[in-house]
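Below is one structure, written out as structure tokens; the observations come after it.
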Amino acid sequence: MADAALPLAQGAQPPRGWWKRNQQTLAPWLFLAPGAAFFLLYVIFPIFQSFQVSFYEWDGLGEAEYVGLRNYDELWYDDAFYTSLKNNVIWLVLYLAAIPAGLFIALFLNQKVFAIRLYKSLFFFPFVISQVVVALVFSWFYDPTFGLFNEFIGLFGLGPIAVLGDERYVTVGIIMAGLWPQTAYCMILYLTGLNAVDPEQIEAGRLDGAKGWRMLWYVVLPQLKPATFIAFVVTIIGALRSFDLISVMTNGGPFGESRVLAFYMFEVALSEYGFRMGYGAAIAVILFMIMMIYIAFFLWKMYRDEREG
């Protein structure tokens, strides 16, 4: 008892509580907890729920009937599913053009030229407007009676072409509309990456005689790998989950030829002709697995590059 009453030695710190000792470790987790909880509740849980619902026949209101793999078996023989899958592949291939386009626009905007802020605003504009607005603008652009597209090709003696009414051109036409805002997004990513490029490496490359394409390929692009990775992932996800443009511009037409998996999922599960939640969930699972294959590949590639570096 006498020892407990002794005053603290000169310079000694009083004993701290458990919170004080662990404050720096726990504080970041406390800030992350609300976001993590919402992510688990509204993203992770619905993903697993979709897997579960895909094994049932359910209209969304009544009692669900367990049917096992019947929904997936039906997909195997569904021509509309294969049309949607084919269109998604076309979206994936053509949508990737947004990445090099965004890079070259970013390289241009990174220069010191007259009225550069005006150019940046014009290229940034598509990113901040709604996809619905983009769809309406391009619907007018492609209109066979007064659209600028047909006015332009008419100068060469072509047209008029009803792009959104022709099954040969409709998917490509919608993708061109989607590339407008997606290129702006990639441009923003690369502009941010260019601000972090090491000027000493640029100067060293110049001393070694590198310029133009050689400077871009061997000096600049290796430093833009993080931006390129994000651009690839976001562009692939955007191509696979495309829905807004198709819904506004064609509603899946003509004759269902512009459908993609996300739109077909909505059509069979939630539209006036659908209410087949299990079948829609099966399409969602297929779409999710395709998306995860691409993302896992890029994550693995990035991890390998980091280890080799």
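The values are calculated or read from the model by the stated rules, or taken from the named source; none is laboratory data. Owing to the predicted nature of the structure, the values given are computational and were not obtained by experimental measurement. Quick reminder, even Gly has a Cβ in these numbers, built from the backbone with ideal geometry, and neighbours come from all protein chains shown.
Structure notes:
- Scan the stretch 116-168 for residues that are at pLDDT 90 or above and on the phi > 0 side of the Ramachandran plot and the total you get is 0.
- Check on Arg304, farther than 23 Å from Tyr185 by Cα, touching a strand residue (DSSP E or B) at 6+ places or on another chain (Cβ under 8 Å) and among the charged types (D, E, K, R): no
- Scan the stretch 194-213 for residues that are assigned to a helix (DSSP H, G or I) and surrounded by 13 or more Cβ atoms within 10 Å (Cβ to Cβ) and the total you get is 4.
Residues are listed down the side, and each one gets a yes or a no for (1) of a type in the set (D, E, K, R); (2) surrounded by fewer than 14 Cβ atoms within 10 Å (Cβ to Cβ); (3) within 24 Å of the chain's Cα centre (by Cα):
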{"site": "Ile99", "(1), (2), (3)": "no, no, yes"}
{"site": "Val134", "(1), (2), (3)": "no, no, yes"}
{"site": "Ser139", "(1), (2), (3)": "no, no, yes"}
{"site": "Thr145", "(1), (2), (3)": "no, yes, no"}
{"site": "Glu151", "(1), (2), (3)": "yes, yes, no"}
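- The set of residues in the stretch 151-190 that are among the aliphatic types (A, V, I, L, M), touching a Phe, Trp or Tyr at 6+ places or on another chain (Cβ under 9 Å) and assigned to a helix (DSSP H, G or I) comprises Val163, Leu164, Ile174, Ile175, Met176, Ala177, Leu179, Ala184, Met187, Ile188.
- Taken as a whole, the condition of being among the hydroxyl-bearing types (Ser, Thr, Tyr), part of a helix (DSSP H, G or I) and in contact (Cβ under 8 Å) with a residue 12 or more places away in the chain does not apply to Ser121.
- Residue within the stretch 194-202 that is farther than 26 Å from Asn87 by Cβ and in contact (Cβ under 8 Å) with a residue 60 or more places away in the chain present: yes
- Residue tally, condition part of a strand (DSSP E or B), over 11 Å from Gly280 (Cα atoms) and charged (D, E, K, R), over the stretch 44-66: 1
- In this entry, Leu92 is excluded by the filter for residues that are in contact with a Phe, Trp or Tyr (Cβ under 7 Å, 6 or more places away or on another chain) and of a type outside the set (Val, Ile, Thr).
- Pair list, Cβ < 8 Å and 6+ apart or interchain, from the stretch 261-276 residues that are farther than 22 Å from Ala239 by Cβ to residues that are modelled with pLDDT under 85 and not basic (Lys, Arg): Phe275/Gly60
- Counting only helices (runs of 4 or more DSSP H) that fall entirely inside the stretch 222-309 and contain at least 2 residues that are among the polar types (S, T, N, Q) and buried (at least 19 other Cβ atoms within 10 Å of the Cβ), the qualifying elements are 225-240.
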